[in-house]
1. Can you find, among Gly140, Leu157, Ala84, the residue sitting farthest towards the positive end of the charge dipole of the stretch 75-193, where Lys and Arg contribute +1 and Asp and Glu -1 at Cβ?
2. Let's test the formula: R0 of 25 Å, r as the Cβ-Cβ distance of Leu170 and Ile77. What FRET efficiency results, to the nearest 0.05?
3. Semi-axes, largest first, in whole Å: what does sqrt of 5 times each Cα gyration tensor eigenvalue give for the stretch 121-200?
4. Give the Cα extents of the stretch 63-200 along the principal axes, in whole Å, largest first.
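Rule-based calculations on the coordinates, nothing more; no lab input. Note that the coordinates shown come from a computational prediction; the quantities given were computed from them, not determined experimentally. With ideal geometry, Cβ positions are generated from the backbone for all residues, glycine too; neighbour counts draw on all protein chains shown.
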Amino acid sequence: MSTDQPPPGSDEPRDRGSDPFAKHPPTEGTSGGTGGTNGTPYGEHRDEGDPLAGMPPLAHLGRRLIARIIDALLIGIPVGLIMAAILGGYDPVDGSARSSSVTVVYALVYFVYEGLMLTRYGQTVGKKAMKIRVAMLENGQPPVGQPGWVRAGVYALPEIVPCCGFIFWLINVLWCTWDRPYRQCLHDKAAKTVVVSAAP
C-alpha cells in the first residue's frame, strides 16, 4: 500500500493561511514549479476554473470601479480647487493652456499618490475602502518598489499626452472587462500585478 498522499483535488478548500498577502506555492509534484503545463506563473492547475489557486479571489470589477472613483475624487477635488485659486478659474473642457496645466498637475499628483500608496500598503484609500488590494502575479505580495511605480505610471501619466493619452487611458481601464483569466488592465500587465480581495 503506497504511503504517497494524492495531490489535492479541486473539491478541497483552498488554504488561505493567516496572511492574506501571502500566496501559497504550487503543490509538489506538479510540472516545473513556475510556468507549469498551462504556461502560467502559478504552475499546473488541476482546477481550470481557479487560475489563482492559493491566492485570495480576484476583486469584483464593481469594487475596482468604486475604488477608482473614490481616489479620483480624493485627488481631483483638492487639485481642482487649488488650481482654480491659482489660475483664477478655468474650464476643464475648453482645451486651453489653463485646462491642460490642470490635467498635467492632476496626473502628476495622482501618479505620486498611487505610487506611494501601492509601494507602501498595496492599496490606495479607495481600495482600502472597497477591501481590495494589488498583488504581484508571481507571489501575491504587495507591489513594493518598481512594480508599484510602473503600475501607477502606466495608469496616470498617459493623460498628459493630448487626445491620444485619454484614448489610451480609456482602453487601459476597460481592458479588465474582457481580459481572462486575471482581469488585468494594461497597467496590471505592465507591472505584472492582479487586483484581489483584501477581506479576511
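1. Of the listed residues, the answer is Gly140.
2. 0.70
3. Ellipsoid semi-axes (Å, largest first): 22, 14, 12.
4. So the extents along the principal axes, rounded to whole Å, are 48, 27, 25.
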